[in-house]
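All of the numbers you see were taken from the coordinates with simple rules; none came from a lab. The model shown is predicted, which means the values in this text are computed figures rather than measured ones. Cβ atoms come from the backbone with ideal geometry, glycine included; neighbour counts cover every protein chain shown.
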Amino acid sequence: MVREMEALGLDVFASDLVDRGFGAVIKNFYDFTLETFPSYAIVTNPPFNECNSRDGKGRWIWHALETLQVEYMALLMNWSWPGAGGHERLWAQHPPARVYLMRWKIDFTGQGAPPMLNAWFVWEPDRRA
C-alpha cells in the first residue's frame, strides 16, 4: 500500500512494530500528540482490542480523531464492529463519512475457511454527517 500511495505523489510515513527499512519511529500511538503526529491521515487495520467497546472503549479511535485530529482515517475492521454496542457517544460525535463492505475468503490452512465480512470505515471530518 505504501508504494501505491507514494506513486500517487503522497508523502507516506509507514510504521510497524519493527522498522522494515522505512525509517519508522517506533513509538506508542498514545504518545503522539497533535504537535508530534507526522501525518494528517491514517489508513490501517487498527488494534481491535483498543477499538472495541468492551475492552478499549474505542480509545484508539478517540485518540486519532480528537487528540491527533486526523483529517482522513480509513480503518479495516470486522463488519460486526459497529453493532457491538457501547459506541453510542462515538457515533454521535464522530460518525464515519462512509463504509465500504467487503467479503472475501482467506484460507491459510486449506481446510475450507468461511468467507469473512470486513469493511473500511472512513472518517473525513469535513464530510461527516
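Going 7 Å from the Cα of TRP91 toward and past its Cβ, which residues in the range 28-68 have a backbone nitrogen under 18 Å from where you end up? Of the residues in the range 28-68, 51-59, 61-62 have backbone N under 18 Å from the label point off TRP91. Summing +1 for each Lys or Arg and -1 for each Asp or Glu, what net charge is found among the other residues whose Cβ lies under 12 Å from the Cβ of HIS63? Cβ neighbours under 12 Å give a net charge of -1. With a Förster radius of 22 Å applied to the C-beta separation of TRP79 and ASP55, the computed FRET efficiency comes to 0.70. Working from label points 7 Å from Cα in the Cα-to-Cβ sense, the LEU10 to ILE106 distance is 2.0 nm.
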